[in-house]
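Read the structure below first, then the notes.
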């Protein structure tokens, strides 16, 4: 392929589409912004399921039927697709990449797989949906390993995640490229800072999985319960929601309010109006390997951020410059960080501005697209 030729990409699979699924938006729009031609070949596998891992729990029969229908639709689209240079299998695509590998018999083009995360790590180690050592855990490990081996290049979000895949599944680091998650930039962009009303509005939104560490935020709220200048808003619903809400009620935390899932646009507005956004603080192993969407979204919004101190976070974020990093699992430390920002408006402003600059330099669509395109040219395009 000549180096000046416009790269053509077929973005393939049953990937999650729409503004709420920023990973695929970031890859597709990022590649387009740097000059690649991207054609989407897409079929929805689980329409109507907010939590895709929850959809997996419906049962084997229901999911096999849904998969068959989606793949028949996908194959019809594939037959109509224009010639391409690369096939990218979007998130969630651990099963789609096997179909992509079969189709490579015909198209003979490199396959790039956006693994995004390990199914085994997420469903067994992090969420505890299946017991380690169970048949399902064994199957998920096989899927993780062989889905990567079916691709010619695998994308993950952090170097720590790459190290995990190499160590856990016996894979070579040369198979991987680390690129930031990205955000829905059409909605997550800076607004005017909220007016100072004397109350620090601290906002966290999540799906209440163990990785997020909601219990740590409650610990901080309990420590700050007598400070009328700090208020916590927790948005979302999920696995641990009943437990966390019951705990807050048991403690009588009047400084914490719960809001269940909001529409995407309303969630963006709540985050943009926050004085402070919180990331993740869980003590699961996975929590140390990822930088969550909400951290990138805080940077994109130019809002101050506190998130858990981890090897993954330090790959991108500098403590005291782009955010404040707080020890994982430590509610008292989090309370101290919140008070530090409450009492130092200049520090809040500086962190917000530096975080926005970092986002533009390293996490925006264009930066993501350029990182992928450069790797594709380096690895596969020889003059």
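Numbers at a glance
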{"quantity": "Residues that are buried (at least 16 other Cβ atoms within 10 Å of the Cβ), in contact (Cβ under 8 Å) with a residue 40 or more places away in the chain and in a helix (DSSP H, G or I), drawn from the range 354-365", "calculated": "355, 356, 358, 359, 363, 365"}
{"quantity": "Candidates 351, 368, filtered to the one that is in contact with a strand residue (DSSP E or B) (Cβ under 7 Å, 6 or more places away or on another chain) and in a helix (DSSP H, G or I)", "calculated": "351"}
{"quantity": "Condition met for residue 138 (on the phi < 0 side of the Ramachandran plot and buried (at least 17 other Cβ atoms within 10 Å of the Cβ))", "calculated": "no"}
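Laboratory data are not the source of any read-out in this text; all were calculated from the coordinates shown. The model shown is predicted, which means the values in this text are computed figures rather than measured ones. Reconstructed Cβ throughout: ideal geometry from the backbone, glycine too, with neighbour counts over all protein chains shown.
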